[in-house]
Amino acid sequence: MSLLQIEKLTRNFGGLSAVSNVSLAVEEHELVGLIGPNGAGKTTLFNVLTGVYTPSSGRVMFQKGDKSIELSKLPPYKITRMGVARTFQNIRLFKELSVLDNVKIAMNHEARYGLFGALFRIGQYFKSEALIEEKAHAFLKEVNLDELAETKAKNLPYGKQRQLEIARALATGAKLLFLDEPAAGMNPQETHALTSFIKEIKEKMNLTIVLIEHDMSLVMEICERIFVLDYGKLIASGTPDEIKNNPRVIEAYLGDEVEL
Amino acid sequence: MKNVLNKRNLITLVIIGVLFFVVQLLIKERIITAYMRSNIYWIGIYIILGLSLNMIIGITGQLSLGHAGFMSIGAFAAAVVLKTNPTLTGLFIGIGIGVLISLAVSFVVAVPTLRLKGDYLAIATLGVAEIIRIVLNNLSVTGGASGISNIKMLMSWPLLYTFVILTIFLTHNFKNSAIGRACISIKEDEIAAEAMGINTTKYKVIAFMFGAALAAMAGSLFSTTYYIVKPDSFGVNTSINILILVVFGGMGSLSGTIIATFIIGLVNIVLQPYAEIRMILYALILIIVMIFRPQGLLGSQELSTKLLPNFKWKRKEKSS
């Protein structure tokens, strides 16, 4: 069984099919790219996969241990608790909070106390808070952000903000990660740093990653397999080399040949 | 226990104790007059109200304009009980009943309305407060439109102080917990919060109910301070007055709300002799503050013993 199995997924907005009849599977520990021209439905697909939208038809299955879970029936926060996390195309950090607090919020499920434990600081409160603090710091060290722990997220340089968003998604305990244009707006140096960061965390934390990206150098360098969407339909899938030479992909990006 | 009895908490305790005894002494020596005392009560009650609303608006980012409604529930609950049992026990029973009713009402209100955002939520909560007011207006048990008068006056400095400290303790703990962090993340970015595994609806409801319960508590104290409660005292104006404290002090800043309440309390005292132009000056002060400090007095920062020089000295050096 694949880690993620998308079966005949469709999402309509009125008369428009943003995602139409897409079926694909992602294996464990794979790094998969999702590409396509603007408006192809890539982000919509992510939004359906992470529960922001419900599918119009079809379903999404996720393998957790030996249980198969239907993600398309869960609200976003439950999907995250299953071990599926995402980043956003336009960075959505908790800007006014410190880097540390951003990560702590992602680790909120680790808190072992309820409302009364919090209000009166009884039960597991101190133990739990100390543990979260320690884990958050350890985690930041792992992703090389510990130096910036007390910095407000909005004051980080752009590349670091992207990096923090990925780190924060990982802090939820995710095993499957959706990255929505992680290299958008980056210069070549930043993209290069990001590429090695993604590779590094993938090996370190045994992750499965699906990423949307327009920067083809990044996609071709790190993706093992690529899926191509156009007008909501899956038009091709394969290794980077196969995709590069696929006539339908070239047509989708560059248009058809026209006889003059 | 070593977590609880550290140096910082001890300093806080000493400050709390000293403040209590100083004011207590001043009252005993009659340096603080009855008039001043009633102003102190006003400030204390509004600190509780401001902090409770700050949980909903400042921490969780949900604009509620119906806070006076929950306050009135507590006020009338205490008033009704105090009429038959004019003792401290009666007051505590009244507070308990008020808090329970307020929790129930806020839960019923929160579940459908907290799906609304921004202005829509504000209007919905405004409507809820109006509904509460009109129900109280027509209820015989609460004396209809004329309300309940001659309520036993039990308010005293120790009683007020206990409840204010209790509220500060609870709201501070709420803010600095996993639940508080979840609420703050909702204010910062609701979609991202949900993507981080936060059940946003649940935490919005918790914050709303928590704020409503504290407001009811403040309402109970209000009725035993001012002898008389009537539904019209808890209209939109009162809600706005509480909102001003939160905005003036800084959204999400507990110490900001406390300082703002003090300042506004003092402004009220100073302007008392100029009754005609009082409201104009009051509004003017607010406008000036909002122009020069739109984020409120403290923004989202807190004043705390953390800022004392011998603590975290090193970190300060690094950041400067």
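Computed from the coordinates by the stated procedures, all read-outs in this text should not be read as laboratory data. Source: prediction; values computed, not measured. Please note: Cβ atoms are built from the backbone with ideal geometry, for glycine as well, and neighbour counts cover all protein chains shown.
Counting only alpha carbon atoms, the long axis of helix A:158-171 and the longest principal axis of chain A meet at about 70°. The alpha-carbon positions of the protein assembly as shown define a convex hull whose volume is 205 Å³ per residue. Give the calculated FRET efficiency between B:SER156 and B:THR84 to the nearest 0.05, with a Förster radius of 25 Å applied to their Cβ-Cβ distance. So, using R0 = 25 Å, E works out to roughly 0.75.
To the nearest 500 deg cm²/dmol, what mean residue ellipticity at 222 nm is calculated for chain B from DSSP H runs of n ≥ 4 alone, each contributing -39,500 (n - 2.57), summed and divided by the residues?
Values: 13 runs with 227 residues, N = 320.
Calculated mean residue ellipticity at 222 nm is -24000 deg cm²/dmol.
Please check which bits of the stretch A:228-260 a label hung off A:ASN21 would reach, taking the label as a point 7 Å along Cα-to-C-beta and the cut-off as backbone N under 20 Å. Flagged as within label range: A:228-238, A:248-249, A:252.
Loop sites here are trypsin sites (Lys or Arg not before Pro) outside DSSP states H, G, I, E and B with no more than 14 other Cβ atoms within 10 Å. The longest part of chain B free of them is B:118-311.
Remark on chain B: ratio of C-alpha radius of gyration to 2.2 N^0.38 Å is 1.01.
Placing unit charges on each Cβ (+1 for Lys and Arg, -1 for Asp and Glu) gives the stretch B:35-233 a dipole about its Cα centre, and among B:GLY147, B:VAL109, B:THR200 the Cα reaching farthest toward its positive end belongs to B:GLY147. Entry note, the stretch B:246-298: relative contact order of 51 percent, from Cα contacts under 8 Å with a spacing of 6+ residues.
Cα centroids of the stretch A:4-24 and the stretch A:210-260: 18 Å apart.
Along the axis of the charge dipole computed for the protein assembly as shown (Cβ charges of +1 for Lys and Arg, -1 for Asp and Glu, origin at the Cα centre), the listed residues B:SER304, A:GLY83, A:ASN102 are led at the positive end by B:SER304.
In terms of other Cβ atoms within 10 Å, B:SER38, B:SER140 run from fewest to most in the order B:SER140, B:SER38.
Using Cβ point charges alone (K and R +1, D and E -1), the dipole size of the stretch A:186-260 about the Cα centre works out to roughly 380 debye.
Across the stretch A:150-260, the mean sequence separation of Cα contacts (distance under 8 Å, 6 or more residues apart), normalised by length, yields a relative contact order of 19 percent.
Among A:6-17, B:244-255, sorting by the average number of other beta carbon atoms lying within 10 angstrom of each residue, highest first, gives B:244-255, A:6-17.
Once the Cα atoms are used to define both axes, helix A:125-142 deviates from the longest principal axis of chain A by about 40 degrees. Helices that extend 24 Å or more along their long axis by alpha-carbon positions and average at least 0.0 on the Kyte-Doolittle scale are, among the DSSP H runs of chain B, B:7-28, B:34-54, B:67-84, B:88-113, B:118-138, B:157-175, B:200-225, B:254-271, B:275-292. Enclosing the Cα atoms of the stretch B:183-281 in their convex hull gives a volume equal to 135 cubic angstrom per residue. Inter-chain neighbour count for A:102-115: the average number of beta-carbon atoms from partner chains within 10 Å of each residue's beta-carbon is 5. By the count of neighbouring beta-carbon atoms within 10 Å, fewest first, A:HIS192, B:HIS67 end up ordered A:HIS192, B:HIS67. Between the stretch A:104-161 and the stretch B:160-216, how many Å separate their Cα centres? So the separation of the two Cα centres works out to 17 Å. Here the label points at A:GLU242 and B:LEU116, each 7 Å from Cα along the C-beta direction, are separated by 5.4 nm in the simple model.
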